[in-house]
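The structure appears below as C-alpha cells.
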Amino acid sequence: MHIYYILNKSLELKNNLISISKGESIENILHNNILNLTDFNVIIIKIFLKISNQINKNFYHYGDFNIQNEISLTEFLNIISKPSNILSKITIIEGWNKKELDLELSKFFSDFNSIPYHKIIADTYFFQKNTSFDSFIKELEAVKKNYFLKYKNNSLFINYSEKELMIIGSLLEKEGLDTEDKKQISSVILNRLKQNMKLQIDATVLYAITNGNYDLERKLLISDLKTDHPFNTYLNKGLPPEPISYVGKKTLDILFMNNKNDFLFYFFNYSLNKHIFSKTYKEHINKLNEYRKK
C-alpha cells in the first residue's frame, strides 16, 4: 500500500524543465528534481524499480524533459523512460549553400560534417536534443529516399538519375523566382539537354567563381562566363557534376511535373522583374535588344 501511495501522489517539481545526465542514478534524478519525496520514499522507490526493471526492462533516458506540475510519480517515471520530449528544429532553406547549413548545424551539433547537396532534401526537421549527428543524417537520408519512392515511375527517370534530377533541381532553386517561373525554366533545361545545347545558366558561373558561396557583390561580367571550371555551363555541355545548392520538395515537385514548352532561351528583365522566354535564338536576341534599348 505504501508503494502504491508513493507512485500515485502528486509531485512538487523544482522546475518544469529537468535535465538528466548520462548514467545519472535514479536517486539523484528524484532528489534533484522532486521536492516532496523523503529519503525513505526514495529508498522504497529504488527497490521497487530494481525489481520492476528486471521484469519490464525499463531504462531511463538522459537529456532534457518538459514535465508539468501535479503529475504522479508513475507519470514522471513514464516520461523519463522515453526519449526526450523536447524537440530541436532545423530548417534547411531551399537554395542554401553548405556554408549556410554548416552555420545552422553548429548550433546543435559539436561534431558534424558538411552534408553533400545530393544527399538530402531541404525541409524542416525535428529531432531530440541528444540526437547524434549520424542519427540526424540517417533520418534526413530516409526522408529523401521516401520522397523519391513516390516518383519512382515518373518518366524523367527514363533519361535521368536521381542525382541528375537533384542537380537540375538546384539550378531551379538558384534561377527560378516562383512556381510558374520554375516550371518554364525546368522545360528550358530539359529542352536544351535533349538538343545537346550548353545550358548557359548564370548560377553555375556564380558557383564556379565563388566556390559555391554566391557572395559576388557585383553583376556577372562577360569575362566571368569564360571561367575555366567544370561547373561553368557556358563552357561545358550537359549538367554540372554536382548540385549547386540544397533542393526543396516544392522545387522537385515542380520538376516532376515535367512541364512541356518549346522555349530554349530566357533572360531576366529587371524592369518587369521576371524572366522573358523565347523559342529561337533570333527571337531571344530581338527581345534582349528591345529590353536593352529601354
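Readers should treat all values here as calculations from the given coordinates under stated rules, not as data from a laboratory. Because the structure is a prediction, the values reported are computed rather than measured. Heads up, the Cβs are rebuilt from the backbone with ideal geometry, glycines too, and the neighbour counts pull from every protein chain shown.
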Handout entry: Evaluated over the chain, the Cα radius of gyration and Dmax, each in Å
Key = 28.1, 92
Handout entry: Rg over Rh, two decimals, the range 2-80 (C-alpha only, Kirkwood Rh)
Key = 0.92
Exercise for the section: Compute the relative contact order of the chain as a whole-number percentage, counting only Cα pairs closer than 8 Å that sit 6 or more residues apart in sequence. Expected result: 16
Problem - Tail fraction, Cα-Cα pairs, the range 155-293, threshold 28 Å, whole percent - result: 13
Completion exercise
So, relative contact order of the range 1-148 in percent, Cα under 8 Å, 6 or more apart, is 23
Fill in the blank from the handout: Residue by residue through the range 29-40, the couplings from Karplus 6.51 cos²θ - 1.76 cosθ + 1.60 with θ = phi - 60°, in Hz, x for Gly and Pro, are 4, 6, 5, 7, 10, 10, 7, 9, 10, 7, 4, 5
Problem - Centroid-to-centroid separation of the range 217-294 and the range 120-175 [C-alpha atoms, Å] - result: 24
Practice task
Can you tell me the 0 to 90 degree angle between the C-alpha axis of helix 162-175 and the longest principal axis of the chain, rounded to 10?
Solution key: 70
Fill in the blank from the handout: Among trypsin sites (Lys or Arg not before Pro) in the range 179-280, those in a DSSP loop whose Cβ has at most 11 other Cβ atoms within 10 Å are R218, K219, K237, K260
Problem - Above-threshold pairs, the threshold being 18 Å between Cα atoms, out of K198/K279; K98/K237; K82/K138; K182/K274 - result: K98/K237; K82/K138
Handout entry: Three-way shape call for the range 182-257 based on the alpha-carbon gyration tensor, with the a/c threshold at 1.5
Key = oblate
Completion exercise
So the pair-distance distribution of the range 107-230, from every Cα-Cα distance in 5 Å bins, comes to percents of 2, 8, 15, 17, 18, 16, 11, 8, 3, 1, 0
Handout entry: Residue range of the chain that is longest and free of GluC sites (Glu not before Pro) which are both DSSP loop and sparsely packed (at most 16 other C-beta within 10 Å)
Key = 71-216
Exercise for the section: Based on alpha-carbon positions alone, could you give the equivalent ellipsoid semi-axes of the range 67-145 from the gyration tensor, as √(5λ), descending, whole Å? Expected result: 31, 12, 11
Exercise for the section: Please turn the phi angles of the range 194-210 into ³J(HN,Hα) values with the Karplus equation 6.51 cos²θ - 1.76 cosθ + 1.60 (θ = phi - 60°), one per residue in order, whole Hz, x for glycine and proline. Expected result: 4, 8, 6, 8, 5, 6, 6, 9, 4, 4, 6, 6, 4, 4, 5, 8, 10
